[in-house]
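Visitor: To start, I am sharing the structure in question, which I have written as structure tokens.
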Amino acid sequence: MRATVMYGAGDVRIENVPDARIIEPTDAVVTVTRACICGSDLWPYQKMEPTDTGRVMGHEAIGVVEAVGGEVRKIRRGDVVIMPFAFSDGTCVFCHDGLQTSCVHGGFFGTTEVAGAQAEAVRIPLADGTLFPVQVDKDDALMPSLLTLSDVMGTGHHAAVSAKVGPGKIVAVVGDGAVGLCGVIAARRLGAQQIIILGRHADRIALAREFGATDVVSGRGDEAVERVRALTGGLGAHSVLECVGLDAAMTTAISVARPGGAVGRVGVPQNEMMPTSQPAFYNNISVSGGPAPARAYIEELLPDVLNGTIQPGSVFDRVIGLDDVPDGYRAMNDREAIKVMVEP
Ligand SMILES: [Zn+2]
């Protein structure tokens, strides 16, 4: 089968690899009908050390179950399923707590251990716990929005939940990538009164407004902080969604939070140290977040996708086949595309 293999920074190739197949009796094999490129795929695209073996990329997908192992009970051949970006057993203490990204038997797709989904098919470990079957046809018009439940919409929601967004809250969203845009959707859905997006790209800002952003701050650094303060009566935001992962974004996030406020971070941190520790301390700002338990959030978000209340699929502004995936990485890295959908 064909798959996307990354060999190092900027080196993405489409290659023939061994077919995805059942290895453990708890596995399933899913034919990928739609996958996508994630903002977090751009970190290795920019920094990965060259390797000879490469890494099959992709951790977001929707598809049709092709085969199941002998111990799979809930998932059946022919099911249309959402694949969350982490696999999980669905039975351990963390899965019961709704934190499947910390499953004691779990792990992540698109790593050196478990192949990714920017491919014709993907092996799903712990299929019963991992996959979420949906009762729609594989070509349903809602597919782009359903696909976002595998990561980006769940991640935006996690940022909002971690930042304690609720009715009447003033929210700031740092980052206008697909996750930040889904964060806007999540903030509005949870009842925020004012949603300030910090971003600079015209196409993304337009979409943010469509999703419910009430204010736009296009400056950076101190200028952005001043502007958010001016928009919030000098006090800052109750809830700040940090959707980038760079030090500058975290510094801005903590600087625009009001005393007693909360920062929910979902951008993969690119530094071991967290900046702005002292202002966070003196202002009693809580900082929370991490890899979103997308599997847990599907249940909550799915009804709103199915009835059209939210339309996160609008973040996809380019659809490509597998052969064009290397150019899809380039386009996202050059900020030419917001988020690229792949139809293998
Ligand atoms: Zn578990």
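The values are calculated or read from the model by the stated rules, or taken from the named source; none is laboratory data. These figures come from a predicted structure and were not determined experimentally. Glycine gets a Cβ as well: all are built from the backbone with ideal geometry, and neighbour counts include every protein chain shown.
Visitor: Looking at (1) closer than 30 Å to residue 132 by Cα; (2) among the hydrophobic types (A, V, I, L, M, F, W, C); (3) not in a helix (DSSP H, G or I), which one does residue 216 not meet, given that it meets all the others?
Guide: (1) is the only condition that residue 216 fails.
Visitor: Also, quick follow-up: Could you list, in sequence order, all residues of segment 92-113 that are more than 9 Å from the ligand (Cβ to nearest atom) and either among the small types (Gly, Ala, Ser) or buried (at least 17 other Cβ atoms within 10 Å of the Cβ) (or both)?
Guide: Within segment 92-113, 98, 101, 107, 109, 110 meet the criteria.
Visitor: So, one more: Suppose we keep only residues that are small (Gly, Ala, Ser) and assigned to a helix (DSSP H, G or I) within segment 195-213. Which one would you say is nearest to the chain's Cα centre (by Cα)?
Guide: This residue is 208.
Visitor: Also: Consider residue 151 against the criteria (1) of a type outside the set (Ser, Thr, Tyr); (2) within 16 Å of the ligand (Cβ to nearest atom); (3) within 25 Å of residue 19 (Cβ to Cβ): it satisfies all of them except one. Which criterion is unmet?
Guide: Among (1) of a type outside the set (Ser, Thr, Tyr); (2) within 16 Å of the ligand (Cβ to nearest atom); (3) within 25 Å of residue 19 (Cβ to Cβ), the lone unmet condition for residue 151 is (2).
Visitor: Tell me which residues, restricted to segment 255-287, are farther than 19 Å from residue 152 by Cβ and part of a strand (DSSP E or B).
Guide: 257, 258, 259, 260, 261, 262, 263, 286, 287, listed by residue number.
Visitor: OK, next. Only one of 329, 297 is at pLDDT 95 or above and either out of contact with any Phe, Trp or Tyr (no Cβ under 9 Å at 6 or more places or on another chain) or assigned to a strand (DSSP E or B) (or both). Can you tell me which?
Guide: Residue meeting the stated conditions: 297.
Visitor: Here is a further query. Between a first residue in segment 225-254 that is closer than 15 Å to residue 214 by Cα and a second residue that is among the acidic types (Asp, Glu), which pairs have beta carbons less than 6 Å apart while being 6 or more apart in sequence or on different chains?
Guide: Listed pairs, sorted by first residue: 231/215.
Visitor: In segment 183-194, which residue that is buried (at least 17 other Cβ atoms within 10 Å of the Cβ) and small (Gly, Ala, Ser) is farthest from the chain's Cα centre (by Cα)?
Guide: 192
Visitor: Anything in segment 79-91 that is more than 18 Å from the chain's Cα centre (by Cα) and either buried (at least 23 other Cβ atoms within 10 Å of the Cβ) or near the ligand (Cβ under 8 Å from one of its atoms) (or both)? List them, or say none.
Guide: 89, 90, 91 - these are the residues of segment 79-91 that are more than 18 Å from the chain's Cα centre (by Cα) and either buried (at least 23 other Cβ atoms within 10 Å of the Cβ) or near the ligand (Cβ under 8 Å from one of its atoms) (or both).
Visitor: Which fully enclosed strands (runs of 3 or more DSSP E) of segment 1-115 have 3 or more residues being at pLDDT 95 or above, of a type outside the set (Phe, Trp, Tyr) and closer than 24 Å to residue 133 by Cβ?
Guide: 28-36, 61-68, 80-83
Visitor: Could you give every pair whose Cβ atoms fall below 9 Å, whose first residue belongs to segment 89-100 and is within 18 Å of residue 125 (Cα to Cα), and whose second residue is more than 6 Å from the ligand (Cβ to nearest atom) and of a type in the set (Asp, Glu), counting only separations of at least 6 or pairs across chains?
Guide: Pairs found: 89/128; 90/128; 91/128.
Visitor: How about segment 101-128: which of its residues are in contact (Cβ under 8 Å) with a residue 40 or more places away in the chain and β-branched (Val, Ile, Thr)?
Guide: Hits for segment 101-128 are 101, 111, 112, 122, 124.
Per-residue answers, yes or no, for (1) of a type in the set (Lys, Arg); (2) surrounded by fewer than 16 Cβ atoms within 10 Å (Cβ to Cβ); (3) closer than 19 Å to residue 187 by Cβ; (4) without any contact (Cβ under 8 Å) to a residue 24 or more places away in the chain:
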position	(1), (2), (3), (4)
256	no, no, yes, no
261	no, no, yes, no
265	yes, no, yes, no
288	no, yes, yes, no
291	no, no, no, no
318	yes, no, no, yes
